[in-house]
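Trainee: Got a structure for you, questions after.
The values are calculated or read from the model by the stated rules, or taken from the named source; none is laboratory data. Small disclaimer: the values here were computed from a predicted structure and weren't measured. Quick reminder, even Gly has a Cβ in these numbers, built from the backbone with ideal geometry, and neighbours come from all protein chains shown.
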Amino acid sequence: MTRTLSMDDLTAENKLLREKLRLLENEKEVWRKTQFIANAADQLLTMIDRKYTYESVNQAYCRARGQRHEDVIGKSVAAVWGQTQFDSIIKPKLDHCFAGNVTSSEDWFKFDGRELRCYQVTYNPYRDDSGQVTHAVVVTHDITARKHAEAGMKKANDRLERRVQERTEALEQANNQLRNEIEERKRVEKALRESEDRYRSVSRDMPAMVCRYLPNGDLTFANIRFKNHFQLSDKTLLDFNVFTFIPDNERQRMKNRLQRLRPEKPMVIYEQCTRTEIGDILWRQWTDRALFDEKGHAMEYQSVIIDITEKKNVESKLQQAQKMEAIGTLAGGIAHDFNNLLMGIQGNISLMYLDVNHCHPLYENIHSIEQLVDSGANLTRQLLGFARGGKYVVKPVNLNEVVTETAALFGRTRKSIRIHETYEPNVRMVSADRGQIEQVLINLYLNAWQAMSEKGDLYLETQNVTIDEKFVKPFEINYGDYVRISVTDTGKGIDPTISHRIFDPFFTTKEFGCGSGLGLASVFGIVKNHDGIVDFESHPGRGTTFSVYLPVSQKTSKEPAPAPKGILKGPETILLVDDESYILDIGVKMLEKMGYTVIKASCGNDAIRVFTDFRQKIDLVILDLIMPDIGGGDVFDRLRTIRPDIKVLLASGYSMGDAAAIISRGCNGFIQKPFGMEKLSHAIREVIDNGHHQPAV
């Protein structure tokens, strides 16, 4: 017998069902928010069962495919991507995932009718309550992907609300409909819990901090990385305000950016620079996204924060290296021209010495001029040390010996500095100009002494190291085995605002007249020309460490024979080539005083013409390296074509490093301007008598 419900019974049951409906509405809101996390992500998220069939995909995936959910859900992966891509790329990784393993790779895929693009794909095993792997959660990063609104969910919700509103004809009919809706909501609730568990797994594995917060900054959600970074627990999570950890000078700008977000442009990406309590600089990339209500008002914000400090540091070092290369070219040109001027002065002094003895009243004046020329040459040497590195006579060097000797020399003159030495017992040999490396170390010692206000501790260390490709990338050198020299002081450190300029030539923090600003610039140039690296780490108030890396060498060292003294003469015929008339004139006079027959040429074309006419009479060519019409390298090659056995001595205001290519092709010698008669005479005899010589510097 069917019991007829009274109106009171129906009313009570209706009230109960509506209360359950309200609870389900709340659960629905939780489900919507969870869906928002997944659909707001830039990654393509899919869930694939063990039959290789799509069970779930997010909005980013559909947008990238240009399809709807129903076009993908239930279809096989092979049908969506094509059998070839499925067999060769996707299936092996799915099988590995179904075996319980997390796997990640970068693969090239081609969407239907679209261009070939690269995606980073992570396959995560999803386990049921019994621990069995039932699905693969696939996270695909597409940098061009953008989230669509949760149109599908809103459409389903609108349809559900219309159905509820239409059930008003009779209370019994409404109750029946409500019972059906409750059953439907229970099913949705179960699916929501399963979906939430899956997307929590995705959020946990994301390589970024993710948080959601209200317009006033109160936190509503944070992933594990965010909680760990700010040491938040589930209890303290809701008491945390996002704006509290934003620096004062950036907080208002962030709020302004959020307020400018609109439904048609709901996302903004920007970089933020902060400083830690100990002075370290941190860079983060922020991706802020807004969730709007139906009226276009922002209800909630989501931020994805990625640490890009290492990327910024690499970019900064690369920019610094490129800038130093450009400045070095300019400095080298200045030094070359200045050395040519000094050459004219030094040549005339050498000639004057031939007619002036120690008793002559002008001898001291001439000697003073020569000392000034030496000072000018030292200055250009420092410029060339920065620009070209000043690498002249290269041989295997034991850096322990160089550091020990320079430290002892420095310690005798700076007794207020306590020097601490730690050396690699079996330090490897490096190929270097010992004198130039000594200049590098002395400059670093002096820089440390000045930073410590002339009193403190200086720590010196050598170490065999192997540096990888990632470390050397900004410096454009080879990775491999190096010897590192570390010079650490306990001084005031380097102001971060000027740290990018410390290797610039003529840049100094000293008072006017107290320094040339070429010390660290020459350090940079010398080390760079030795195919090495000079880097530094500094903390204000806690000192600075300069690290010099030089590549190892397997060569053995041979001591050169001592050079003879005095001016050496000869009877040979010499072709002198230089585009500067004053250097050409003084060179002719110097060579004639040494007894040589001199033929001169004022440019490259002139040199080739003269040499062609007198090829058998000429015993030696003194060739300028830089000329306006034909460079010294091309002239050398053409002279050797005309007469392969001709001996050539290169002369230049640049360092030997610039002539290395010509030396390697068989040129007999190199002498750097400015030089006097004695040095020139020795270089000439070495080339003529022996066919080669150690370059004069």
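Trainee: What are the residues in the range 408-436 that are of a type in the set (Phe, Trp, Tyr) and either farther than 12 Å from residue 449 by Cβ or modelled with pLDDT under 80 (or both), if any? Can you show your working first?
Mentor: Within the range 408-436, the subset of a type in the set (Phe, Trp, Tyr) is 410, 423.
Matches in the range 408-436: 423 only.
Trainee: I need every pair where a residue in the range 396-409 that is among the charged types (D, E, K, R) has its Cβ under 8 Å from the Cβ of a residue that is at pLDDT below 90, sequence separation at least 6 or different chains.
Mentor: If the second residue must be at pLDDT below 90, the pairs left are 405/438.
Trainee: Take the residues in the range 417-444 that are among the polar types (S, T, N, Q) and touching a residue at least 40 places away in the same chain (Cβ under 8 Å); name whichever of them is nearest to residue 520 (Cα to Cα).
Mentor: Filtering the range 417-444 down to residues among the polar types (S, T, N, Q) leaves 422, 426, 431, 436, 439, 443.
The next check asks that each one be touching a residue at least 40 places away in the same chain (Cβ under 8 Å); those that pass are 422, 431, 436, 439, 443.
On the way: 422: 23, 431: 21, 436: 13, 439: 10, 443: 7 Å.
If we take residues in the range 417-444 being among the polar types (S, T, N, Q) and touching a residue at least 40 places away in the same chain (Cβ under 8 Å), then 443 is nearest to residue 520 (Cα to Cα).
Trainee: Could you figure out which of (1) buried (at least 20 other Cβ atoms within 10 Å of the Cβ); (2) of a type in the set (S, T, N, Q); (3) at pLDDT 85 or above isn't true of residue 380?
Mentor: All conditions pass for residue 380, except number (3).
Trainee: Still on this structure, I have one more. Just to check your reading of the model, which residue among 586, 618 is of a type outside the set (Gly, Ala, Ser), surrounded by 19 or more Cβ atoms within 10 Å (Cβ to Cβ) and in a loop (DSSP other than H, G, I, E, B)? First the steps, then the outcome.
Mentor: Details: 586 fails: in a loop (DSSP other than H, G, I, E, B).
One residue alone meets the criteria, 618.
Trainee: Can you tell me which residue in the range 166-181 is modelled with the highest pLDDT, limited to those that are crowded, with 16+ Cβ neighbours inside 10 Å and among the hydrophobic types (A, V, I, L, M, F, W, C)?
Mentor: That would be 178.
Trainee: When you check residue 591 against the structure, is it outside the structural domain of residue 400 (by TED's automatic domain parsing), touching a helix residue (DSSP H, G or I) at 6+ places or on another chain (Cβ under 9 Å), outside any strand (DSSP E or B) and modelled with pLDDT of 85 or more, yes or no?
Mentor: Yes: the conditions hold for residue 591.
Trainee: Take residue 445 and tell me if it is at pLDDT 80 or above, under 29 Å from residue 401 (Cα atoms), outside any helix (DSSP H, G or I) and of a type in the set (Phe, Trp, Tyr).
Mentor: Working: at pLDDT 80 or above: yes; under 29 Å from residue 401 (Cα atoms): yes; outside any helix (DSSP H, G or I): no; of a type in the set (Phe, Trp, Tyr): yes.
Taking the combined requirement at face value, the residue does not satisfy it.
Trainee: Do you know which of the residues in the range 106-138 that are modelled with pLDDT of 85 or more, not in a loop (DSSP other than H, G, I, E, B) and not hydroxyl-bearing (Ser, Thr, Tyr) is surrounded by the fewest Cβ atoms within 10 Å (Cβ to Cβ)? Outline the logic, then answer.
Mentor: Within the range 106-138, the subset modelled with pLDDT of 85 or more is 122-128, 130-138.
Right, trim to not in a loop (DSSP other than H, G, I, E, B) and you get 122-127, 133-138.
Next, from what is left, pick out any that are not hydroxyl-bearing (Ser, Thr, Tyr): 124-125, 127, 133, 135-138.
On the way: 124: 20, 125: 19, 127: 13, 133: 15, 135: 21, 136: 25, 137: 21, 138: 24.
By that ranking, first place goes to 127.
Trainee: Mind checking which pairs have a first residue in the range 539-553 that is at positive phi and a second that is in a strand (DSSP E or B) and at pLDDT 85 or above, Cβ under 7 Å, 6 or more apart or different chains?
Mentor: 543/488; 543/489
Trainee: Moving on to the next point. Identify, by number, the condition in (1) assigned to a helix (DSSP H, G or I); (2) in the same structural domain as residue 531 (by TED's automatic domain parsing); (3) at pLDDT below 75 that residue 404 doesn't meet.
Mentor: Condition not satisfied by residue 404: (3).
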